[in-house]
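Comments concern the structure below.
Each reported figure results from applying straightforward, stated rules to the coordinates on display, with no laboratory input. Since this is a predicted model, take the numbers as computed values, not measurements. Ideal geometry is used to build each Cβ from the backbone, glycine not excepted, and the neighbour counts take in all protein chains shown.
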């Protein structure tokens, strides 16, 4: 089984996002046994060894880590996600494992 990250974008109007649905959604994810954690993403900085770094990307608002058999299987965890259900963007990315 592979690890995936669901990256929630901040592209939904506040009135469209149903914050009260997060507990139910996360509870359903936990019940699958494939939920690996997640969090809201707060403010931060970009750092570069030399030169001026770009600013942080404002479009990411949070993430969820899950285990899934494939990218399509990972997509099956989107229904019920408050950002997805409100018409917002959720990026689904594989987290490849290194050999170390």
Margin query: Out of the residues in the range 63-77 meeting the condition of being in contact (Cβ under 8 Å) with a residue 24 or more places away in the chain and in a helix (DSSP H, G or I), tell me which one is surrounded by the most Cβ atoms within 10 Å (Cβ to Cβ).
Written below: 74
Margin query: Suppose we filter 80, 51, 55, 87 for residues that are part of a loop (DSSP other than H, G, I, E, B), at positive phi and free of Cβ contacts under 8 Å to residues at least 12 places away in the same chain; which single one remains?
Written below: 51
Notebook entry, point to check: Out of (1) in contact with a strand residue (DSSP E or B) (Cβ under 9 Å, 6 or more places away or on another chain); (2) part of a loop (DSSP other than H, G, I, E, B), the odd one out for residue 29 is which?
Noted result: (2)
Check: Which numbered condition trips up residue 34, out of (1) over 19 Å from residue 89 (Cα atoms); (2) loosely packed, with under 12 Cβ neighbours inside 10 Å?
Finding: (2)
Notebook entry, point to check: Out of (1) surrounded by fewer than 16 Cβ atoms within 10 Å (Cβ to Cβ); (2) under 12 Å from the mean Cα position of the chain (by Cα); (3) within 25 Å of residue 97 (Cα to Cα), the odd one out for residue 59 is which?
Noted result: (3)
